[in-house]
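The values are calculated or read from the model by the stated rules, or taken from the named source; none is laboratory data. Bear in mind that the values here come from a model prediction, so they are computed numbers and not experimental data. Note that we place each Cβ from the backbone using ideal geometry, even for glycine, and neighbour counts take in every protein chain shown. SASA here: full protein model, heavy atoms, side chains in, ligands and nucleic acids out. Shrake-Rupley method; radii C 1.70, N 1.55, O 1.52, S 1.80 Å.
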Amino acid sequence: MRGKEYRLGSALRGGLLFVRGVPGVALGDRVVVRDHAGHTRNGQVIRTSEEVVLVQVLEGTDGLDLERTWTRFLEQPFEIALSNELMGRIFNGVGQPRDDRPPLVSSIRRNVNGSPMNPAARTRPREFIQTGISTIDGLYSLVRGQKLPIFSGPGLPHNRLAAQIVRQSRIIAERARFAVVFAAMGVSYADAHFFQEDFERDGVLGNVVMYINLADDPPIERLILPRTALTAAEYLAYDLGMHVMVILTDITNYAEALREVAMARGDVPARKGYPGYLYSDLAEIFERAGRIRSRSGSITMVPVLSMPSDDITHPIPDLTGYITEGQIVLSRELHNQGIYPPVDLLPSLSRVMKDGIGAGETREDHPRVANQIYASYARAIEVRNLASIIGTEDLSETDRRYLEFARSIETQFVTQGENEDRSIIDTLTLAWQLLSLLPPGELGRVREADLAKYHRQKQVAEAP
Amino acid sequence: MSTALGRIIEVNGPIVTVFLPQVTIGEQVRVGELALVGEVIGRDGGRAVVQVYESTESLAPGQSAVPLGHPLAAELGPGLLGNIFDGLQRPLTEIREQSGDRIARGLTVASLDRKRLWHFEPAPDLSAGSTVAGGTVIGAVSETETIMHRILVPPDVNGELVNLAPAGDYSVEQVIAQVRSRDGAVHPLRLYHRWPVRKARPYGRRDQAGVPLITGQRVLDTFFPLLKGGRAAVPGAFGAGKTMVQQQIARWSNAGIMIYLGCGERGNELVEILETFPQLTDPYTGRLLMERTLLVANTSNMPVVAREASIYMGVTLAEYYRDQGYDVVMVADSISRWAEALREVAGRLEQMPVEEGHPAYLASRLSAFYERAGRVQTLAGGYGSVSLIGAVSPPGGDFSEPVTSHTKEIVQAFWALSKELADARHYPAIDWTESYSGYVDAAAVWWAKNVDPRWSAHRTEALGLLLQSDELARIVNLVGPEALSPAQRWVLEAAALLKEGLLQQSALDDVDSFCSPERQFALLDLLLDLYHQGRDLLGKGVPVQRLLQLPVLGRARRAKSAYSNGQMDGLKAFAAEMRDAFQPLSLEYAGSREGSA
Ligand SMILES: Nc1ncnc2c1ncn2[C@@H]1O[C@H](COP(=O)(O)OP(=O)(O)OP(=O)(O)O)[C@@H](O)[C@H]1O
Ligand SMILES: [Mg+2]
């Protein structure tokens, strides 16, 4: 069978090629499809039986016919070559060069699907990564090995934010052990170029591996691209001991490609046409972030996802939120007010921050300060809503302070420059400065001792 | 039982069709060169449809299929506690020894350690000639410092004891007794036996009596209690706090045995338990929590068929400890992921979907699963219970979706998590209007007897204040706070105090993470007393502003973290102090009933 080419295609549909009469083909095997002009495409067996084999053609089936298409079954799984020469390179979704340089050769080859990490081999993410961005460091701290997506929408500055995170979170002293894996699925040339330039300007290109599938590249290739990229990331992290930051953009394009193939296969849809296995499929990708007890490296993942119609309940952000360890949600409203980065404080969350902050990590009061800001900001938003109905005159003195607090949080704490790198201590100082706009009695989430130490306003005895 | 060799005909995701006549539904089959195991879920002529527990990548038509002659079964014996298993009961630490950081396919690993020796003490009242039946306790080993593991006659064996081993150290494989059944067959008994996971273990009879499961979480115990042997669901959007609620229950509840089932969720959440529980002590026994805990983990990136099986594995282990007379609690995170696994298999079989792709049998499977909860009189005559607490992850946080709505019809306690509360960092984000418990009356008996006879009245009053305040808040949002009377303003304040000072309970607060029943009631009493004092003063003409400015309110909010379970005296002293704080106002306005409000 190996090496032998068959011209036994029986049907072509939505990126799928049905091949009849080739027995004994294994699921997941790699396939080379050659069209009438002699060009080859990559395929993968996604269903197999004695009668018919279903091949997913990663470059799509456009331009293929049944009469002049040849299929070769390689009898091997989808693997890529890995070595430290990866660094600084640009590949497509199946690991072929996109940078006019020769393909990577190595005796180390790994299946892009990986295999599930044993939960008993993991260790909890718990090292604080300073991104220099107040909202993230202060309120939704990123921890090594965490998966923390950015939920965004068209026209919002998610790329700038992701680039700023990458740029500023680099730990200088450990630079040699730091790598970025950038995986772009269906993004515009401009967006991909933006990142490339940013890495270049920052002088880190040599620490970056890029896997690129642009908006006009074949959509089905997007299904394998994150797996290829993560296989590289796992190699860098667990074989070479590096701290790897993986940027995956845009998950929505990935999920749409998955839906396209699912439809073509006739899979039963769950919601909005997305197949029922979208959750498990995304989990296979996102769960590849983490730390392993016996290894020194780590994989921290920042997926970027644009929410269709800014709807956080859409299946893609929804299922992602169910898998990742929190989310940074961008707000169109803040963005329209010129606020950068427009992080929406209430729906954003980092679930593993509790292990990465506080005494010994950042500062002892950090967890309580973060709690207090969420709570006070939530209250302030309530007051703001009330004020929009009844006006500000009828508000109490305290409520008026809440309004001021909300505004200051947005314009001073959330707002910061794209190249502004704040230390966590600066962030906490700023937090206390703003919390001091509120009377100490309103601050129920911090301790008396915190108030004594950091609150700027003297406790004023309120006269009856 | 057949030993015929079959072959693979088709591979479609986890579903493998094989040519293999004579296999039974539920029977396990080993397929392919990697010897992957699955179970038969359908027959069609000589073909059998097998759902395979592991990834089927690299399987090909023509490869072999071998029937194993038995269904998926659990190994039940000492060595379960403190361990972490996958959905097929393979110990994950042992898998790690064998295949490293990643789970290789086709591994066969014994569930229970074959080498370890256990000190067995035979039951003093039994000897050769005694009559035994399924469930009879023939002896015990101490599985952990706190847990005595009773060795049971398997449910399907009964007859006359031929012999019983003397006290001594035995491995699980050694025969410790023999039973001759009426037909003359002699059954060797070991420290463990097997039981098919999809079949509920038998018991004597159901028992209705029940005491509350104390979770140490105020909003649960005080407002929406669960009984031992009860069933509860925790539905909520992502990030609303389902896992936290379940982890808190796993940490703090007064269960005899705790089973934590990670079903299609995050690997790191299990690591969290594995890394923190060994350092935590049980507030009731003072012993390490891990001694009474076992984990079953089939995380989201592990194969879906094993995920489907994992809830049955979990509940079978739970029933086994129930049969030994324990109150077992299993928290399952998340039942929705199990339903999705079911849906995925149904979809591959091209079964007709009814709602959002789910098969028609979703509701019946779901209720059959929850039916395995309950308090029973065991076959041995003692009492034990299985409580089931399932998380539900509704798509889009919409509770009208199939899994949530079917679950709602099955469970008695429904702990609805609200996205709005979670966004405002009101944790646990359990919504007091959406949640309910059908166990309140039974719990009230216990609280009245063991804590305070006013429990029921207090609970009702507090819930009433919360609901009234929600109503008032709607008015405020329409026309502003000025529209409210002073008494209504005070209700708003009282409800705010109840939310902050009672309902909110941070899992991360060392002092407050666990709240004893006594302290739960004391805090409730304190806050209601505060409300009453203020209400009386309003009646005397004290302006509501004066009340709102009392510094004691801030202290009442923080009382939950200021006084630990061991500082009940401090809390009582504070309650008295609080009452005193109202005194000056009371004197000032004494007799001036006409004063402006
Ligand atoms: N009782 C609590 N105390 C303190 N923090 C809490 C509590 N409950 C929830 N949280 C916060 O909310 C976050 C999310 O909670 P959790 O992980 O339990 O959500 P979930 O409902 O299980 O979400 P998912 O469905 O995505 O798994 C936690 O990481 C924590 O920060
Ligand atoms: Mg959860």
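Looking only at region B:246-264, which residues are within 12 Å of ligand 1 (Cβ to nearest atom) and open to solvent by 10 Å² or more (accessible area, probe 1.4 Å)?
B:Arg251, B:Trp252
Any chance region B:140-161 includes a residue that's farther than 29 Å from B:Arg375 by Cβ, touching a strand residue (DSSP E or B) at 6+ places or on another chain (Cβ under 8 Å) and open to solvent by 60 Å² or more (accessible area, probe 1.4 Å)?
yes
Against the definition (within 16 Å of ligand 2 (Cβ to nearest atom), over 24 Å from B:Tyr284 (Cα atoms), open to solvent by less than 20 Å² (accessible area, probe 1.4 Å) and away from chain A (no Cβ under 14 Å)), how does B:Ala237 come out, yes or no?
Considered against the rule, which asks whether it is within 16 Å of ligand 2 (Cβ to nearest atom), over 24 Å from B:Tyr284 (Cα atoms), open to solvent by less than 20 Å² (accessible area, probe 1.4 Å) and away from chain A (no Cβ under 14 Å), B:Ala237 comes out as no.
Which numbered condition trips up B:Asp452, out of (1) open to solvent by less than 50 Å² (accessible area, probe 1.4 Å); (2) within 12 Å of chain A (Cβ to nearest Cβ); (3) not in a helix (DSSP H, G or I)?
Every listed condition holds for B:Asp452 apart from (2).
Can you find even one residue in region B:480-495 that is within 16 Å of ligand 1 (Cβ to nearest atom), open to solvent by 10 Å² or more (accessible area, probe 1.4 Å), among the acidic types (Asp, Glu) and outside the structural domain of B:Ala429 (by TED's automatic domain parsing)?
No: zero hits.
Find the residue count for region B:58-102, including only residues that are facing another protein chain (nearest Cβ under 7 Å), open to solvent by 30 Å² or more (accessible area, probe 1.4 Å) and outside any strand (DSSP E or B).
4
How many residues does region A:56-78 contain that are within 14 Å of another protein chain (Cβ to nearest Cβ) and either surrounded by fewer than 17 Cβ atoms within 10 Å (Cβ to Cβ) or more than 24 Å from A:Leu214 (Cβ to Cβ) (or both)?
Qualifying residue count, region A:56-78: 5.
Those residues that are farther than 15 Å from B:Asn12 by Cα and out of contact with any Pro (no Cβ under 8 Å at 6 or more places or on another chain), I need them from region B:340-353; list them, please.
B:Glu340
Would you be able to tell me the number of residues in region B:265-305 that are β-branched (Val, Ile, Thr), within 16 Å of ligand 1 (Cβ to nearest atom) and not in a loop (DSSP other than H, G, I, E, B)?
3
Being more than 30 Å from A:Asp399 (Cα to Cα) and small (Gly, Ala, Ser) is the filter; apply it to region A:359-378 and report the residue that is surrounded by the fewest Cβ atoms within 10 Å (Cβ to Cβ).
A:Gly360
Assess whether A:Asp198 counts as being in the same structural domain as A:Pro317 (by TED's automatic domain parsing) and either assigned to a helix (DSSP H, G or I) or surrounded by 24 or more Cβ atoms within 10 Å (Cβ to Cβ) (or both).
Criteria met by A:Asp198.
Taking A:Leu282 as meeting all but one of (1) of a type outside the set (S, T, N, Q); (2) more than 7 Å from chain B (Cβ to nearest Cβ); (3) within 15 Å of ligand 1 (Cβ to nearest atom); (4) in contact (Cβ under 8 Å) with a residue 60 or more places away in the chain, write down the number of the exception.
Exception for A:Leu282: condition (4).
Tell me yes or no: at least one residue of region A:253-267 is within 9 Å of chain B (Cβ to nearest Cβ), over 17 Å from the mean Cα position of the chain (by Cα) and open to solvent by 10 Å² or more (accessible area, probe 1.4 Å).
Yes, region A:253-267 contains at least one residue that is within 9 Å of chain B (Cβ to nearest Cβ), over 17 Å from the mean Cα position of the chain (by Cα) and open to solvent by 10 Å² or more (accessible area, probe 1.4 Å).
What residue, among those in region B:312-325 that are closer than 16 Å to B:Gly135 by Cα and part of a helix (DSSP H, G or I), is farthest from ligand 2 (Cβ to nearest atom)?
Selected residue: B:Asp323.
Take A:Pro23 and tell me if it is away from chain B (no Cβ under 14 Å) and part of a loop (DSSP other than H, G, I, E, B).
No, not satisfied.
Determine whether B:Ala232 is more than 14 Å from chain A (Cβ to nearest Cβ), within 16 Å of ligand 2 (Cβ to nearest atom), outside any helix (DSSP H, G or I) and touching a Gly at 6+ places or on another chain (Cβ under 9 Å).
Here the answer is yes, as B:Ala232 does meet what is asked.
Among the strands (runs of 3 or more DSSP E) confined wholly to region B:326-407, which include 3 or more residues that are over 24 Å from A:Pro275 (Cβ atoms) and aliphatic (A, V, I, L, M)?
The qualifying strands (runs of 3 or more DSSP E) are B:327-333, B:383-392.
Given the criteria among the charged types (D, E, K, R), more than 14 Å from chain B (Cβ to nearest Cβ) and within 16 Å of the chain's Cα centre (by Cα), does A:Asp250 qualify?
The answer is yes for A:Asp250.
Identify all residues within region B:377-400 that are within 14 Å of chain A (Cβ to nearest Cβ) and under 18 Å from B:Ser435 (Cβ atoms); write none if there are none.
B:Ala391, B:Val392, B:Ser393, B:Pro394, B:Gly397, B:Asp398, B:Phe399, B:Ser400
In region B:501-510, is there at least one residue being without any contact (Cβ under 8 Å) to a residue 60 or more places away in the chain and either among the polar types (S, T, N, Q) or closer than 22 Å to B:Gln545 by Cβ (or both)?
yes
Scan region A:340-355 for residues that are open to solvent by less than 10 Å² (accessible area, probe 1.4 Å) and more than 12 Å from ligand 1 (Cβ to nearest atom) and jot them down.
A:Pro341, A:Pro342, A:Val343, A:Leu345
It is to be established whether one or more residues within region A:417-438 are in a loop (DSSP other than H, G, I, E, B), of a type in the set (A, V, I, L, M, F, W, C) and out of contact with any Leu (no Cβ under 9 Å at 6 or more places or on another chain).
For region A:417-438, residues in a loop (DSSP other than H, G, I, E, B), of a type in the set (A, V, I, L, M, F, W, C) and out of contact with any Leu (no Cβ under 9 Å at 6 or more places or on another chain): present.
Take A:Leu161 and tell me if it is in a loop (DSSP other than H, G, I, E, B), touching a Leu at 6+ places or on another chain (Cβ under 8 Å) and farther than 19 Å from A:Phe286 by Cα.
Here the answer is no, as A:Leu161 does not meet what is asked.
Quick one: would you say A:Ser294 is of a type in the set (Ser, Thr, Tyr) and more than 15 Å from B:Arg102 (Cβ to Cβ)?
Considered against the rule, which asks whether it is of a type in the set (Ser, Thr, Tyr) and more than 15 Å from B:Arg102 (Cβ to Cβ), A:Ser294 comes out as no.
Checking A:Ala232 against (1) open to solvent by 10 Å² or more (accessible area, probe 1.4 Å); (2) closer than 20 Å to A:Val166 by Cα: exactly one of these is not met. Which one?
Every condition holds for A:Ala232 apart from (1).
When residues of region A:97-123 are filtered for being charged (D, E, K, R) and surrounded by 21 or more Cβ atoms within 10 Å (Cβ to Cβ), how many remain?
Of the residues in region A:97-123, 1 are charged (D, E, K, R) and surrounded by 21 or more Cβ atoms within 10 Å (Cβ to Cβ).
Output the residue which, of all residues in region A:279-306 that are open to solvent by 10 Å² or more (accessible area, probe 1.4 Å) and touching a strand residue (DSSP E or B) at 6+ places or on another chain (Cβ under 6 Å), is nearest to ligand 2 (Cβ to nearest atom).
By that ranking, first place goes to A:Arg291.
Applying the selection to region B:274-299, what residues are at the interface with chain A (Cβ under 10 Å from one of its Cβ atoms) and free of Cβ contacts under 8 Å to residues at least 40 places away in the same chain?
B:Glu275, B:Thr276, B:Thr299
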